[in-house]
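Data first, discussion second: the structure below is written as structure tokens.
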Amino acid sequence: MKLRKVTAASAVVLALAVSATACGSNDKKDSDSSGGNKKITVGIKFDQPGIGQKTPQGYAGFDVDVATYVAGKLGYKPDQIQWRETKSADRENALSRGDVDFIAASYSITPERQQKVDFAGPYLLAHQDVLIRTDDTAIKSPSDLNSKKLCSVTGSTSAQNVHDKLAPKAQLQQYPTYSACLTGLQNKAIDALTTDDSILAGYASQAAFKGKFKLGGFKMTNENYGIGVKKGSDLKAKINTALEAMVSDGSWKKAVDKNFGPAHYKNEPAPKIGNIVS
């Protein structure tokens with residue numbers, strides 16, 4: 001009888017020890033998930049030099065710099081950011097599915113998109129413009145694009161907008177990529193490339209094209225770039241605070257100069273949060 005009592009007592013002690021160990025293990029896991037090992041997933045473009053680009057050295061561009069700064073203000077170091085490519089057609093779905101926490105990808109704020117997602121910002125006011133050869137003196141206004149070969153990427157509405165509203169005699173050319181348009185522009189197969197001026201400046205700033213192209217400065221539309229978040233997310237207010245800090249401490253201007261400076265991009269001043277220019 002005495003032996004049974006000792007054995008039973010030992011079993012109770014062992015069970016309590018196992019239970020305590022299990023609790024300690026769970027506590028450590030919870031601590032790790034909300035501490036040093038936490039991650040944030042950010043959607044960007046992978047194929048827009050100067051804006052968002054995946055390179056052999058990592059990720060680069062104005063949107064990458066903005067997103068990195070914002071993530072820092074949210075408590076994440078650069079190595080805690082998981083970059084995910086978000087193509088234009090999939091941005092709203094990526095947010096609604098929870099694939100990304102926020103998106104900074106030349107994402108223009110529009111009433112249609114605001115029905116589906118929330119936007120922090122804007123953090124950049126861009127405009128539709130044209131890129132032409134540096135030595136071209138014939139194209140001085142949108143109307144000068146009449147009878148000129150105007151390029152944009154397949155599926156884009158940029159060139160069609162110019163044709164419909166400003167230069168009805170422009171000869172529209174569709175190429176598969178902006179890089180192909182640039183090659184055509186360099187070889188004089190086309191006369192001008194059109195899309196957002198920030199995107200054009202990013203391409204023109206590449207070392208291979210430095211000094212070969214210039215922006216027309218036509219400001220044909222207003223494109224208010226915002227950071228997209230899931231509808232109803234409390235990240236919107238936090239990101240707005242981070243964007244205001246980025247402007248006030250000079251980091252925003254440094255990012256603009258670094259990514260667009262070689263193209264002599266005459267950027268608009270940093271926009272006020274919530275001020276959407278129509």
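Let's see how each residue does on (1) in a helix (DSSP H, G or I); (2) open to solvent by 50 Å² or more (accessible area, probe 1.4 Å); (3) among the hydroxyl-bearing types (Ser, Thr, Tyr):
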| site | (1), (2), (3) |
| --- | --- |
| 75 | no, no, no |
| 79 | yes, yes, no |
| 99 | no, no, no |
| 106 | no, no, yes |
| 113 | yes, yes, no |
**Complete:** Selection from region 166-191 of residues among the charged types (D, E, K, R), open to solvent by 60 Å² or more (accessible area, probe 1.4 Å) and in contact (Cβ under 8 Å) with a residue 24 or more places away in the chain yields 188
**Complete:** Contact list, first residue from region 62-80 and under 20 Å from residue 49 (Cα atoms) and charged (D, E, K, R), second anywhere and part of a helix (DSSP H, G or I) and open to solvent by 40 Å² or more (accessible area, probe 1.4 Å), beta-carbon distance below 8 Å, six or more apart or interchain, is 65/258
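Name the residues in region 134-157 that are of a type outside the set (A, V, I, L, M, F, W, C) and touching an Asp or Glu at 6+ places or on another chain (Cβ under 8 Å), would you?
Of region 134-157, the ones of a type outside the set (A, V, I, L, M, F, W, C) are 134-137, 140-144, 146-149, 152, 154-157.
Hits for region 134-157 are 136, 148, 149.
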**Request:** Among residues belonging to region 81-123 that are small (Gly, Ala, Ser) and touching a Lys or Arg at 6+ places or on another chain (Cβ under 6 Å), point out the one that is nearest to residue 50 (Cα to Cα).
**Result:** 105
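Being aliphatic (A, V, I, L, M) and more than 23 Å from residue 225 (Cβ to Cβ) narrows it down to one of 159, 180, 201, so name that one.
180
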**Fill in**
Going through region 128-152 in order, the residues found to be under 30 Å from residue 252 (Cβ atoms) and surrounded by 18 or more Cβ atoms within 10 Å (Cβ to Cβ) are 128, 129, 130, 131, 132, 142, 152
**Asked** Of the residues that sit in region 245-262 and are in contact with an Asp or Glu (Cβ under 9 Å, 6 or more places away or on another chain) and basic (Lys, Arg), which one is surrounded by the most Cβ atoms within 10 Å (Cβ to Cβ)?
**Response** 258
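The values are calculated or read from the model by the stated rules, or taken from the named source; none is laboratory data. Please read all numbers here as calculations on a predicted model, not as lab measurements. Virtual Cβ from ideal backbone geometry, glycine too; neighbours counted across all protein chains shown. Just the protein is used for accessible areas: all its heavy atoms, side chains included, with ligands, DNA and RNA removed. Shrake-Rupley method; radii C 1.70, N 1.55, O 1.52, S 1.80 Å.
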